[in-house]
Amino acid sequence: MRLRNIPGARETIAASEYVVHEDVMREKKGKWDTVLEKAQPLYLEVGMGKGRFITELAGRNPENNYVGIEKYSSVLLRALEKRELLPELTNLRYLRMDAEDLPEVFGEGEVSGIYLNFSDPWPKDRHAKRRLPSRQFLARYAQILTPEGRVEFKTDNRPLFDFALEEAEAAGWKLLVCTFDLHQDEDLMRDNIMTEYEERFSSIGNPICKMVICR
Ligand SMILES: C[S@@+](CC[C@H](N)C(=O)[O-])C[C@H]1O[C@@H](n2cnc3c(N)ncnc32)[C@H](O)[C@@H]1O
(Lines give C-alpha, C1' and ligand atoms only; values in the text may rest on other atoms or scores of the structure.)
Protein backbone atom coordinates (compact mmCIF):
# COMPACT_ATOMS: atom_id res chain seq x y z
CA MET A 1 0.00 0.00 0.00
CA ARG A 2 1.53 3.30 -0.99
CA LEU A 3 -0.69 6.34 -0.49
CA ARG A 4 -0.04 9.42 -2.52
CA ASN A 5 2.61 11.63 -1.00
CA ILE A 6 0.92 13.57 1.80
CA PRO A 7 2.39 17.04 2.37
CA GLY A 8 3.65 17.38 5.93
CA ALA A 9 3.61 13.62 6.67
CA ARG A 10 7.32 13.48 7.47
CA GLU A 11 7.10 16.56 9.71
CA THR A 12 4.07 15.19 11.61
CA ILE A 13 5.87 11.88 12.14
CA ALA A 14 9.04 13.67 13.24
CA ALA A 15 7.05 15.54 15.89
CA SER A 16 5.16 12.50 17.20
CA GLU A 17 5.98 11.22 20.68
CA TYR A 18 4.68 7.79 19.64
CA VAL A 19 7.32 7.24 16.95
CA VAL A 20 10.84 6.10 17.75
CA HIS A 21 12.82 8.00 15.17
CA GLU A 22 15.33 6.77 12.64
CA ASP A 23 18.25 8.61 14.21
CA VAL A 24 17.85 6.78 17.55
CA MET A 25 16.10 3.49 16.78
CA ARG A 26 19.33 1.49 16.40
CA GLU A 27 20.46 2.66 19.86
CA LYS A 28 17.40 0.89 21.32
CA LYS A 29 18.56 -2.53 20.18
CA GLY A 30 18.31 -4.89 23.16
CA LYS A 31 16.77 -2.12 25.27
CA TRP A 32 13.17 -1.85 24.05
CA ASP A 33 11.98 -2.45 27.62
CA THR A 34 13.31 1.01 28.44
CA VAL A 35 11.43 2.66 25.57
CA LEU A 36 8.02 1.37 26.59
CA GLU A 37 6.69 2.14 30.05
CA LYS A 38 6.84 -1.42 31.38
CA ALA A 39 9.27 -4.30 30.87
CA GLN A 40 6.98 -6.91 29.30
CA PRO A 41 6.89 -9.18 26.20
CA LEU A 42 7.37 -7.34 22.92
CA TYR A 43 5.40 -8.04 19.73
CA LEU A 44 5.83 -6.49 16.27
CA GLU A 45 3.51 -6.02 13.34
CA VAL A 46 5.63 -5.76 10.21
CA GLY A 47 3.94 -3.86 7.38
CA MET A 48 1.18 -2.57 9.63
CA GLY A 49 -0.37 -0.22 7.07
CA LYS A 50 -2.90 2.11 8.69
CA GLY A 51 -2.55 0.40 12.06
CA ARG A 52 -6.01 -0.83 13.05
CA PHE A 53 -4.80 -4.32 13.97
CA ILE A 54 -1.94 -3.37 16.26
CA THR A 55 -3.83 -0.50 17.89
CA GLU A 56 -6.68 -2.85 18.80
CA LEU A 57 -4.26 -5.60 19.88
CA ALA A 58 -2.33 -3.22 22.16
CA GLY A 59 -5.59 -2.04 23.74
CA ARG A 60 -6.73 -5.62 24.41
CA ASN A 61 -3.36 -6.74 25.86
CA PRO A 62 -1.89 -4.15 28.25
CA GLU A 63 0.41 -6.91 29.61
CA ASN A 64 2.43 -6.82 26.35
CA ASN A 65 4.37 -4.17 24.46
CA TYR A 66 3.82 -3.57 20.75
CA VAL A 67 5.76 -1.90 17.95
CA GLY A 68 4.14 -1.25 14.57
CA ILE A 69 6.53 -1.12 11.62
CA GLU A 70 5.74 0.58 8.34
CA LYS A 71 7.93 1.57 5.41
CA TYR A 72 6.01 4.60 4.16
CA SER A 73 5.41 7.90 5.96
CA SER A 74 2.12 8.51 4.17
CA VAL A 75 0.74 5.23 5.57
CA LEU A 76 2.24 5.59 9.05
CA LEU A 77 0.58 8.98 9.29
CA ARG A 78 -2.82 7.26 9.15
CA ALA A 79 -1.86 4.96 12.03
CA LEU A 80 -0.74 7.97 14.07
CA GLU A 81 -4.08 9.67 13.53
CA LYS A 82 -5.78 6.63 15.18
CA ARG A 83 -3.18 6.64 17.96
CA GLU A 84 -3.71 10.31 18.83
CA LEU A 85 -7.28 9.41 19.83
CA LEU A 86 -6.03 6.84 22.38
CA PRO A 87 -3.55 8.61 24.69
CA GLU A 88 -4.19 5.99 27.41
CA LEU A 89 -2.36 3.32 25.37
CA THR A 90 1.15 3.30 26.84
CA ASN A 91 2.32 -0.01 25.35
CA LEU A 92 2.47 0.91 21.66
CA ARG A 93 5.11 2.66 19.54
CA TYR A 94 5.82 2.96 15.82
CA LEU A 95 8.83 2.80 13.58
CA ARG A 96 9.10 4.05 10.02
CA MET A 97 11.62 1.64 8.60
CA ASP A 98 12.21 -1.12 6.08
CA ALA A 99 11.84 -4.51 7.74
CA GLU A 100 15.10 -5.56 6.09
CA ASP A 101 16.84 -3.72 8.92
CA LEU A 102 15.02 -5.50 11.80
CA PRO A 103 18.16 -7.24 13.16
CA GLU A 104 19.86 -3.84 13.44
CA VAL A 105 17.03 -2.47 15.56
CA PHE A 106 16.02 -5.42 17.77
CA GLY A 107 18.35 -7.64 19.79
CA GLU A 108 18.68 -11.40 19.69
CA GLY A 109 15.66 -12.98 21.42
CA GLU A 110 14.11 -9.59 22.19
CA VAL A 111 10.82 -10.18 20.36
CA SER A 112 8.10 -12.63 21.47
CA GLY A 113 6.05 -12.61 18.27
CA ILE A 114 5.70 -11.09 14.81
CA TYR A 115 2.47 -10.43 12.94
CA LEU A 116 2.39 -10.21 9.14
CA ASN A 117 -0.99 -9.16 7.78
CA PHE A 118 -1.82 -9.01 4.07
CA SER A 119 1.80 -8.51 3.11
CA ASP A 120 2.54 -7.18 -0.37
CA PRO A 121 2.62 -10.16 -2.78
CA TRP A 122 5.50 -9.07 -5.06
CA PRO A 123 4.22 -11.46 -7.77
CA LYS A 124 7.34 -11.51 -9.96
CA ASP A 125 9.72 -14.39 -9.14
CA ARG A 126 12.72 -12.11 -9.14
CA HIS A 127 11.12 -10.10 -6.31
CA ALA A 128 10.41 -13.16 -4.11
CA LYS A 129 12.97 -12.13 -1.51
CA ARG A 130 11.05 -8.90 -0.89
CA ARG A 131 7.98 -10.88 0.29
CA LEU A 132 7.73 -10.57 4.07
CA PRO A 133 7.18 -14.35 4.61
CA SER A 134 10.18 -15.25 2.37
CA ARG A 135 13.07 -17.35 3.73
CA GLN A 136 15.24 -14.21 3.69
CA PHE A 137 12.82 -12.43 6.02
CA LEU A 138 12.28 -15.58 8.12
CA ALA A 139 16.04 -15.58 8.75
CA ARG A 140 15.82 -11.98 9.98
CA TYR A 141 12.86 -12.82 12.23
CA ALA A 142 14.78 -15.82 13.62
CA GLN A 143 17.55 -13.45 14.73
CA ILE A 144 15.27 -11.35 16.91
CA LEU A 145 12.64 -13.84 18.14
CA THR A 146 12.75 -15.69 21.44
CA PRO A 147 13.27 -19.46 20.95
CA GLU A 148 9.49 -20.03 21.27
CA GLY A 149 8.64 -16.86 19.31
CA ARG A 150 5.92 -17.18 16.67
CA VAL A 151 5.21 -15.60 13.33
CA GLU A 152 1.51 -15.23 12.47
CA PHE A 153 0.61 -14.54 8.85
CA LYS A 154 -2.80 -13.73 7.33
CA THR A 155 -3.62 -13.10 3.68
CA ASP A 156 -6.33 -13.62 1.09
CA ASN A 157 -3.63 -14.18 -1.55
CA ARG A 158 -3.48 -17.96 -2.01
CA PRO A 159 -0.29 -18.05 -4.12
CA LEU A 160 1.47 -15.91 -1.49
CA PHE A 161 0.15 -18.15 1.29
CA ASP A 162 1.33 -21.32 -0.52
CA PHE A 163 4.72 -19.63 -1.01
CA ALA A 164 4.86 -18.83 2.73
CA LEU A 165 4.10 -22.46 3.65
CA GLU A 166 6.88 -23.67 1.33
CA GLU A 167 9.36 -21.11 2.63
CA ALA A 168 8.61 -21.94 6.27
CA GLU A 169 9.09 -25.66 5.61
CA ALA A 170 12.31 -25.08 3.63
CA ALA A 171 13.67 -22.92 6.46
CA GLY A 172 12.83 -25.60 9.05
CA TRP A 173 10.02 -23.76 10.87
CA LYS A 174 7.18 -25.76 12.46
CA LEU A 175 3.61 -25.20 11.34
CA LEU A 176 1.42 -24.76 14.43
CA VAL A 177 -1.77 -23.44 12.83
CA CYS A 178 -2.92 -23.47 9.21
CA THR A 179 -6.31 -22.61 7.75
CA PHE A 180 -7.40 -21.70 4.26
CA ASP A 181 -10.66 -20.17 5.52
CA LEU A 182 -10.07 -18.38 8.81
CA HIS A 183 -13.50 -16.77 8.97
CA GLN A 184 -15.18 -20.19 9.05
CA ASP A 185 -13.05 -21.32 12.01
CA GLU A 186 -14.92 -20.51 15.21
CA ASP A 187 -11.94 -21.14 17.51
CA LEU A 188 -9.48 -19.02 15.56
CA MET A 189 -12.04 -16.27 15.06
CA ARG A 190 -12.58 -15.82 18.79
CA ASP A 191 -9.53 -13.54 19.12
CA ASN A 192 -9.30 -12.40 15.53
CA ILE A 193 -8.75 -8.70 14.88
CA MET A 194 -9.69 -7.62 11.37
CA THR A 195 -7.10 -5.55 9.57
CA GLU A 196 -8.13 -2.88 7.08
CA TYR A 197 -7.24 -5.23 4.18
CA GLU A 198 -8.94 -8.19 5.80
CA GLU A 199 -12.18 -6.28 6.08
CA ARG A 200 -11.98 -5.18 2.46
CA PHE A 201 -11.16 -8.60 1.00
CA SER A 202 -13.43 -10.70 3.20
CA SER A 203 -16.34 -8.37 2.38
CA ILE A 204 -16.02 -9.31 -1.30
CA GLY A 205 -16.02 -13.01 -0.42
CA ASN A 206 -12.30 -13.82 -0.49
CA PRO A 207 -11.39 -16.58 1.98
CA ILE A 208 -8.69 -15.52 4.42
CA CYS A 209 -5.74 -17.87 5.03
CA LYS A 210 -3.80 -17.90 8.29
CA MET A 211 -0.70 -19.69 9.48
CA VAL A 212 1.25 -19.64 12.74
CA ILE A 213 4.83 -20.90 12.71
CA CYS A 214 7.67 -21.22 15.16
CA ARG A 215 11.22 -22.55 14.97
C1 LIG B 1 -0.96 -4.54 1.68
S2 LIG B 1 -0.56 -3.53 3.02
C3 LIG B 1 -1.38 -4.30 4.39
C4 LIG B 1 -1.57 -3.36 5.54
C5 LIG B 1 -2.15 -3.95 6.84
N6 LIG B 1 -1.24 -4.93 7.41
C7 LIG B 1 -3.50 -4.57 6.62
O8 LIG B 1 -3.63 -5.81 6.68
O9 LIG B 1 -4.47 -3.82 6.42
C10 LIG B 1 1.14 -3.94 3.29
C11 LIG B 1 1.92 -2.88 4.06
O12 LIG B 1 3.22 -3.36 4.31
C13 LIG B 1 4.15 -2.30 4.15
N14 LIG B 1 5.45 -2.92 3.83
C15 LIG B 1 5.74 -3.67 2.75
N16 LIG B 1 7.02 -4.06 2.76
C17 LIG B 1 7.56 -3.54 3.90
C18 LIG B 1 8.85 -3.59 4.48
N19 LIG B 1 9.86 -4.24 3.87
N20 LIG B 1 9.06 -2.95 5.65
C21 LIG B 1 8.04 -2.28 6.25
N22 LIG B 1 6.80 -2.19 5.75
C23 LIG B 1 6.56 -2.81 4.59
C24 LIG B 1 3.58 -1.50 2.99
O25 LIG B 1 4.08 -0.19 2.91
C26 LIG B 1 2.08 -1.58 3.29
O27 LIG B 1 1.66 -0.50 4.09
Quiz prompt | Among (1) open to solvent by 60 Å² or more (accessible area, probe 1.4 Å); (2) part of a loop (DSSP other than H, G, I, E, B); (3) closer than 26 Å to residue 130 by Cα, the one test that residue 88 misses | solution = (3)
Practice problem: Considering only the range 148-213, give the helices (runs of 4 or more DSSP H) lying wholly within it that have at least 1 residues that are within 13 Å of the ligand (Cβ to nearest atom). | Solution: 158-170, 196-203
Quiz prompt | For residue 209: the one exception among (1) among the hydrophobic types (A, V, I, L, M, F, W, C); (2) within 28 Å of residue 29 (Cβ to Cβ); (3) crowded, with 19+ Cβ neighbours inside 10 Å | solution = (2)
Quiz item: Is at least one residue of the range 68-82 under 26 Å from residue 130 (Cα atoms), open to solvent by 50 Å² or more (accessible area, probe 1.4 Å) and free of Cβ contacts under 8 Å to residues at least 60 places away in the same chain?
Solution: yes
Exercise. Being closer than 20 Å to residue 114 by Cβ and part of a helix (DSSP H, G or I) is the filter here, so list the residues in the range 69-82 that pass it.
Key: 75, 76, 79
Quiz item: Only one of (1) modelled with pLDDT of 95 or more; (2) on the phi < 0 side of the Ramachandran plot is not met by residue 47, so which one is it?
Solution: (2)
Quiz item: (1) among the hydrophobic types (A, V, I, L, M, F, W, C); (2) touching a residue at least 40 places away in the same chain (Cβ under 8 Å); (3) within 16 Å of the ligand (Cβ to nearest atom): which one isn't true of residue 35, the others all being true?
Solution: (3)
Quiz item: Which of the following residues is open to solvent by 20 Å² or more (accessible area, probe 1.4 Å), small (Gly, Ala, Ser) and either within 15 Å of the ligand (Cβ to nearest atom) or modelled with pLDDT of 95 or more (or both): 112, 119?
Solution: 112
Quiz item: Which residue out of 25, 48 is in contact with a strand residue (DSSP E or B) (Cβ under 8 Å, 6 or more places away or on another chain) and over 23 Å from residue 150 (Cβ atoms)?
Solution: 25
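The values are calculated or read from the model by the stated rules, or taken from the named source; none is laboratory data. Computed from a predicted model, the values in this text were never measured in an experiment. Quick reminder, even Gly has a Cβ in these numbers, built from the backbone with ideal geometry, and neighbours come from all protein chains shown. Side chains are part of the model used for accessible areas, which takes the heavy atoms of the whole protein and leaves out ligands, DNA and RNA. Shrake-Rupley method; radii C 1.70, N 1.55, O 1.52, S 1.80 Å.
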